[in-house]
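Have a look at the structure below, then the notes.
Nothing in this text is a laboratory measurement; each read-out follows from the coordinates by a stated rule. Here the structure is a predicted model, which is why all the values come from computation and not from measurement. Quick reminder, even Gly has a Cβ in these numbers, built from the backbone with ideal geometry, and neighbours come from all protein chains shown.
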Amino acid sequence: MYVADSRGMPPAQAGPAPHTGAEAAGPRPRAAVAPTVLALGTVSLVTDVSAEMVTAVLPLYLVAGLGLSPLGLGLVDGLYNGVSALVRLVGGHLADRSGRHKAVAGLGYALSALCKPLLLVVHTLPLIGAVLAADRTGKGLRTAPRDALISLASAPGECGRAFGVHRAMDTAGALLGPLAAFLILREAAGGYDAVFAVSGCVALLGVLVLVLFVPGRRRAPGPPAGGPGDSGDSGGPGRVTLRASLGLLRRPALRRTCLCALLLGLTTVGDAFVFLLLQRRTGLADRWFALLPLGTAAAFLLLALPLGRLADRAGPWRVFLGGHLALLAGYGLLLGPWRGAALPYAVLLLHGLFYAATDGVLMAAAADAVPEELRAGGLALVQTGQALARFLGSLAFGAAWTAWGERPALLLAGTGLALAAALAVRLRPPRTPEEDPA
């Protein structure tokens, strides 16, 4: 705890260097990451155990337990992943304006933790939707401040690795969560309530780790680091306005980043649908369904750090677009004639590779295009565009499945993803000198 506090010192106390953590402690081996990143990774690991316990059983609970249609599942899945979109803007703006990134993130973690036990007492779709919306509101509040803390604690040119370490730790929780849900369901017949109760306890532990071990970061009063010509709308010394955050879209690099994330997000099939499609394709028994996210999480865990390092060396956009090509290959396997025993492993490997190549890598790419005093708000803009796009994508895929069936819907999504990837190659931000190995 005290090591994290001393090495994660705010810039006003640590000196003029714009980055904390990795630089404040002096020269280090290249493999080291800032203590702030490790502390936040621990918080995410614990929190993801809680979140993925619920996520692993939710599709089956809604479809088999409550009789929800694919269109209804698409609405809930889109709500679960998309309702946090606008809240991310609020969370990012509050963090930048107050300089209290940890406090805003903590509020989001606490709200999500309080929602888990509520699933014990709600059993109708509207109430379940309201609880999930509140849970995602918490996620929306915390995501941009947390990612801003990671980027601000990382040395220049090492954001990809820092996000890779964080996402690997986060995914370790995603790996343990479904396993815990599976074991609980195995021991307790119809034990969804037991899953929700344990999930709530674990979420509270994550909040406690955040409070005790993650150092705060306060912005010192003064003019924005980027100078008066940076955005033109900073609102004066020591003040960050919402107009300044939205004005970041005037920056060509960030605008192109948002547009690429939006286009690709529209054609990304939600995880719940991928797992349901895989179950139907392979005839997997319901009792094994909660284990499917383990395959995705295992691949994500193993590949997040290597692909983060690759993004630092080869450029984040190459890795980001390559991840979407892996997802497209997974769609192809689900559509193709192959029905071998290795099919689930291949699809889940490609699904995990997609997340490892896109989740933290996109944030590393966006961080390079945003000044420090608006870092959380800038990252929130990218996250918001992607979340809204995935919400609409889940809704459209659920509607297409209901109207035409699962295979035509997936074929349509795959075709759209291929076209979006080709367009993103043209729209992506230009290469920077740091990305050019020459």
| message | Just to check I understand the Karplus step: with θ = phi - 60° and J = 6.51 cos²θ - 1.76 cosθ + 1.60, what whole-Hz values come out for region 377-387, glycine and proline as x? | response | x, x, 5, 5, 4, 5, 4, 5, x, 5, 5
| So between Leu302 and Val121, what do we pick up on full extension, going 0.36 nm a residue minus the alpha carbon distance? | 61.4 nm
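For each of Thr47, Thr124, Thr415, count neighbouring Cβ atoms within 10 Å of the residue's Cβ, then give the residues from fewest to most. Working shown, then result.
Values: Thr47 28, Thr124 9, Thr415 13.
The fewest-first ordering by Cβ neighbours comes to Thr124, Thr415, Thr47.
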| query | Which value in nm describes the separation of the simple spin-label points at Trp338 and Ser98, placed 7 Å from the Cα toward the beta carbon? | reply | 5.0 nm
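Counting only other residues whose beta carbon sits under 14 Å from that of Tyr355, what net charge do I get with K and R as +1, D and E as -1?
Working: positive: Arg167, Arg390; negative: Asp48, Glu52, Asp170, Asp271, Asp359.
Local net charge: -3.
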| task | Within region 168-199, which residues have the backbone N less than 11 Å from the label spot 7 Å out from Ala64 along Cα→beta-carbon, could you tell me? | result | 186, 190-191
| query | In nanometres, what is the gap between the two model label sites at Leu419 and Ala130, each 7 Å from Cα along Cα-to-Cβ? | reply | 4.0 nm
